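The values are calculated or read from the model by the stated rules, or taken from the named source; none is laboratory data. Please read these numbers as outputs of a predicted model, since none were measured by experiment. Note that each Cβ is placed from the backbone with ideal geometry, even for glycine, and that neighbours are counted across all protein chains shown.
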Amino acid sequence: MSQHRQLVSLDDIRPAAARIAGHVLNTPTMQSAALGELAGVPVHLKLEQHQITGSFKLRGATNAILSLTSAERARGVVAASTGNHGRALAHAARAQGAVATICMSRLVPGNKVSEIHKLGAEVRIAGNSQDEAQEEVDRLVADKGMVSVPPFDDAAVIAGQGTLGLEIVDQVPEVETVLVPLSGGGLAAGVACAIKALRPNTRIIGLTMERGAAMKASRDAGHPVQIEELPSLADSLGGGIGLGNALTFAMCRDLLDDVILLSEEEIAAGLRHAYAAEREIVEGAGAVGVAALLSGRVTSTGPIVAILSGRNIDMDLHRRIINGASALPVEVAA
Ligand SMILES: *Cc1c(COP(=O)(O)O)cnc(C)c1O
């Protein structure tokens with residue numbers, strides 16, 4: 001897959017939507033009265049946390065696997081993952097009768113590890129960072145001939161995530177601002193690519209946490225940079241973008257109108273609002289859109305769509321945050 005170096009376009013995203021139809025859900029949007037009142041314009045939540053496997057990652061993983069030749073599929077797929085990509089790839093592989101091997105760092109929460117086991121994938125714990133887990137992937141590709149399906153920097157994965165953008169334009173045609181959780185940038189690149197092609201004046205804003213925002217630091221530097229990985233309530237947003245980033249850095253640099261950083265407390269407030277006011281369980285990464293709206297830092301003269309990207313959070317941690325525990329990193333790591 002990684003030999004596809006050209007940037008992704010709408011001509012890749014439309015076929016991806018046809019390919020994955022029937023394998024993934026077209027998730028609904030829900031208008032939020034409370035957030036609309038705050039923002040002064042209609043706010044729609046794209047409920048992608050209800051996607052099969054609990055996050056949008058199933059879109060990219062499914063498109064990537066369905067794009068392989070049967071010979072490639074037979075060698076098995078492998079990925080490094082902070083959890084949701086691994087889970088999605090495990091599910092997508094099993095659905096197509098392929099074997100997935102998932103490599104992840106020691107920072108990944110135990111609930112995500114065991115869930116991937118249950119999906120039938122082989123799990124390998126390697127290193128203390130996403131980058132070290134990736135080195136294990138490279139070894140398995142070199143030594144065993146497995147096929148790498150990266151979590152974000154891959155044309156088929158980006159095109160799969162972009163199908164979410166097609167659905168947003170379909171569901172909220174008058175959308176003016178889209179709030180997208182941002183880590184490696186596969187989601188933001190795909191969604192921005194689809195929406196800018198169909199609605200060039202729509203603003204796409206990336207949202208991420210203050211603690212370890214690799215794409216933001218890279219955008220500011222003008223090239224991919226490495227930053228220290230720190231525990232965060234938004235653990236799915238952790239990890240680097242890769243110093244050799246081929247696709248998502250350039251796409252996020254060119255297609256995102258802004259990137260907003262959120263504190264741990266703001267993310268916790270977003271998670272609490274999603275639960276108490278919207279009756280939705282989301283993980284930290286899935287709460288950043290709500291968090292940004294609550295913080296008052298998003299302004300728009302027209303309808304806003306916020307993507308709730310996932311719900312795979314340890315339920316004890318979720319309960320503690322709902323009950324008012326502060327989202328200090330020591331709390332998150334416990
Ligand atoms: C992976 C993930 C993100 C970030 O997606 P990128 O493509 O890496 O930017 C956001 N939210 C959730 C729930 C995720 O699993």
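Looking at the range 186-208, which of its residues are over 14 Å from Asp257 (Cβ atoms) and within 16 Å of the ligand (Cβ to nearest atom)?
Looking only at the range 186-208, we keep the residues that are over 14 Å from Asp257 (Cβ atoms), and these are 186-187, 190, 194, 197-198, 208.
Gly186, Leu187, Gly190, Ala194, Thr208, listed by residue number.
Scanning the range 104-125 for residues that are in contact with a strand residue (DSSP E or B) (Cβ under 7 Å, 6 or more places away or on another chain), surrounded by 15 or more Cβ atoms within 10 Å (Cβ to Cβ) and modelled with pLDDT under 90 gives Met104, Val113, Ile116. Checking each residue of the range 74-84 against the condition of being without any contact (Cβ under 8 Å) to a residue 60 or more places away in the chain, out of contact with any Asp or Glu (no Cβ under 8 Å at 6 or more places or on another chain), farther than 20 Å from Gly185 by Cα and assigned to a helix (DSSP H, G or I) gives at least one match.
From the list Ala61, Ala92, Ala71, which residue is more than 16 Å from the ligand (Cβ to nearest atom) and either assigned to a helix (DSSP H, G or I) or not assigned by TED's automatic domain parsing to the domain that holds Ser300 (or both)?
Values: Ala61 fails: more than 16 Å from the ligand (Cβ to nearest atom); Ala92 fails: more than 16 Å from the ligand (Cβ to nearest atom).
Going through Ala61, Ala92, Ala71 in turn, just one is more than 16 Å from the ligand (Cβ to nearest atom) and either assigned to a helix (DSSP H, G or I) or not assigned by TED's automatic domain parsing to the domain that holds Ser300 (or both): Ala71.
Per-residue answers, yes or no, for (1) among the hydrophobic types (A, V, I, L, M, F, W, C); (2) surrounded by fewer than 22 Cβ atoms within 10 Å (Cβ to Cβ):
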site: Glu280; (1), (2): no, yes
site: Ala285; (1), (2): yes, no
site: Val290; (1), (2): yes, no
site: Leu293; (1), (2): yes, no
site: Arg297; (1), (2): no, yes
site: Ser300; (1), (2): no, yes
site: Asn312; (1), (2): no, no
site: Leu317; (1), (2): yes, yes
